[in-house]
1. At 7 Å along Cα-to-Cβ for each site, give me the label-to-label distance between E5 and D325 in nm.
2. Could you tell me which of rounded, prolate or oblate describes the stretch 199-263, using a ≥ b ≥ c as the square roots of the eigenvalues of the alpha-carbon gyration tensor, with rounded for a/c under 1.5 and, failing that, prolate when a/b is larger than b/c and oblate otherwise?
3. Taking the alpha-carbon distance from K276 and a cut-off under 17 Å, which lysines remain once sequence neighbours fewer than 8 residues away in the same chain are dropped?
4. Using the Cα gyration tensor of the stretch 233-348, with a ≥ b ≥ c the square roots of its eigenvalues, what is the shape: rounded (a/c below 1.5), prolate (a/b larger than b/c) or oblate (neither)?
5. Distance in nm between label sites at I239 and E288, each 7 Å beyond Cα in the beta-carbon direction?
6. Once you order the gyration tensor axes a ≥ b ≥ c over the Cα atoms, which shape class does the stretch 86-205 get: rounded for a/c under 1.5, otherwise prolate or oblate by comparing a/b with b/c?
7. Over the stretch 194-340, what is the relative contact order in whole percent, taking alpha-carbon pairs under 8 Å and six or more residues apart?
8. In nm, what is the difference between 0.36 nm times the number of residues separating V213 and K83 and their Cα-Cα distance?
Amino acid sequence: RIAEEGKVTYKAPSNIALVKYWGKKENQIPANPSISFTLDACSTTTSLTYSRLKEKRIGFSFELLFEGKPKQDFKPKIESFFKRIDTYLPFLREYHLTIETSNSFPHSSGIASSASSMAALALGLMHVEKELDPTITHEFFLRKASFLARLGSGSACRSIEGDLIQWGSHKDIPGSSDLFAIKYPFTVHDVFHKYHDTILLVDKGQKQVSSTVGHDLMHGHPFAERRFIQAHDHISKLIDVFATGNLKEFIQIVESEALTLHAMMMTSMPYYILMKPNTLSIIQKIWEFRDTSNTHLCFTLDAGANVHILYPEDEKEKVFQFIKDELVAYCENGQYICDRIGFGAKRL
Ligand code: PMV
């Protein structure tokens with residue numbers, strides 16, 4: 001079967017790790033397993049237009065439009081992604097591809113778009129593969145999309161499905177793999193199905209350290225091995241937390257993970273401090289509020305200064321009021337994004 005040409009559009013969400021992936025081996029194999037909430041509002045929409053070339057190319061034939069304009073600086077990233085996935089998608093060199101992509105969140109908001117954009121592109125490519133081989137099952141489609149997305153950006157493999165996603169082989173999680181992410185396989189207490197994530201934009205500047213450099217710093221890091229064991233332990237502990245809805249323990253694990261990620265950066269060589277004074281002020285305020293308000297908000301961080309505030313649905317009025325009254329003042333230009341747990345990528 002030959003697909004001469006076509007166009008497909010996918011919208012893929014971002015995700016926020018509860019147990020962090022930090023450190024990797026060859027071929028985007030994670031040094032430790034991770035688990036994340038899929039988000040909803042923060043997303044990338046990517047249209048892929050494909051047309052069959054007269055003959056197979058040695059290189060890749062593609063163009064890239066970001067928010068409607070040609071974007072040269074993303075090209076090398078896509079080029080190296082294509083090189084990595086070439087053996088898994090032999091049709092790649094037989095098509096000219098036009099990739100048109102846009103994000104739901106403002107450019108340079110300090111929100112990484114690599115997870116959502118690589119997930120959306122991987123899904124588009126899987127669509128072409130399915131055109132060529134209609135026997136592909138839905139399950140295989142999603143699994144291979146996650147596998148391909150991982151080769152674009154590790155955490156992108158967790159952005160295909162929702163709402164709670166596990167990536168990386170773990171003894172207590174059946175079906176878990178280093179090669180692709182899976183839906184968390186056990187029962188999850190209702191409280192976690194409607195979690196909110198309000199993202200406070202503390203620093204919208206360019207990331208100080210790219211995640212590629214960050215992962216690399218875990219090679220020969222004095223605390224790496226202990227950290228990887230800790231991630232495994234945290235995932236084991238979360239199994240009971242997710243089943244019972246024990247928010248107290250959830251908070252402990254999630255906040256410890258965020259601080260450990262930053263501790264790894266502070267203790268690597270060279271060392272980095274990725275938090276800003278406002279990041280710490282926000283954390284302090286969150287702790288004070290939690291102690292006095294009988295709420296269960298907690299924070300998590302990516303490899304940057306922005307703060308994600310996670311909280312359950314039935315506390316949303318109280319917590320959101322607190323965010324507006326006390327925390328927005330610490331955001332750059334008062335900017336924040338209201339997001340919540342989501343259910344994965346969609347074809348538009
Ligand atoms: O997917 P990468 O290579 O950009 O790494 C992302 C790493 C963190 O966002 C810091 C943690 C995670 O698990 O998402």
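Values in this text are rule-based calculations from the coordinates and carry no lab data. Computed from a prediction, not measured in an experiment: that's the story for all the values here. Backbone-built Cβ (ideal geometry, glycine too); neighbour counts: all protein chains shown.
1. Spacing of the two 7 Å Cα→Cβ label points: 6.0 nm.
2. Working: a/c = 3.15, a/b = 1.37, b/c = 2.31.
Since a/c reaches 1.5 but b/c is at least a/b, the shape of the stretch 199-263 is classed as oblate.
3. Output for K276: K204, K207, K285.
4. On the way: a/c = 1.30, a/b = 1.07, b/c = 1.22.
Rounded, since a/c falls under 1.5.
5. A separation of 4.1 nm, rounded to one decimal place.
6. Values: a/c = 2.12, a/b = 1.16, b/c = 1.84.
Oblate, because a/c is 1.5 or more while a/b does not exceed b/c.
7. 45 percent
8. Details: separation 130, 0.36 × 130 = 46.80 nm, distance 2.00 nm.
Separation in residues times 0.36 nm, less the Cα-Cα distance, equals 44.8 nm.
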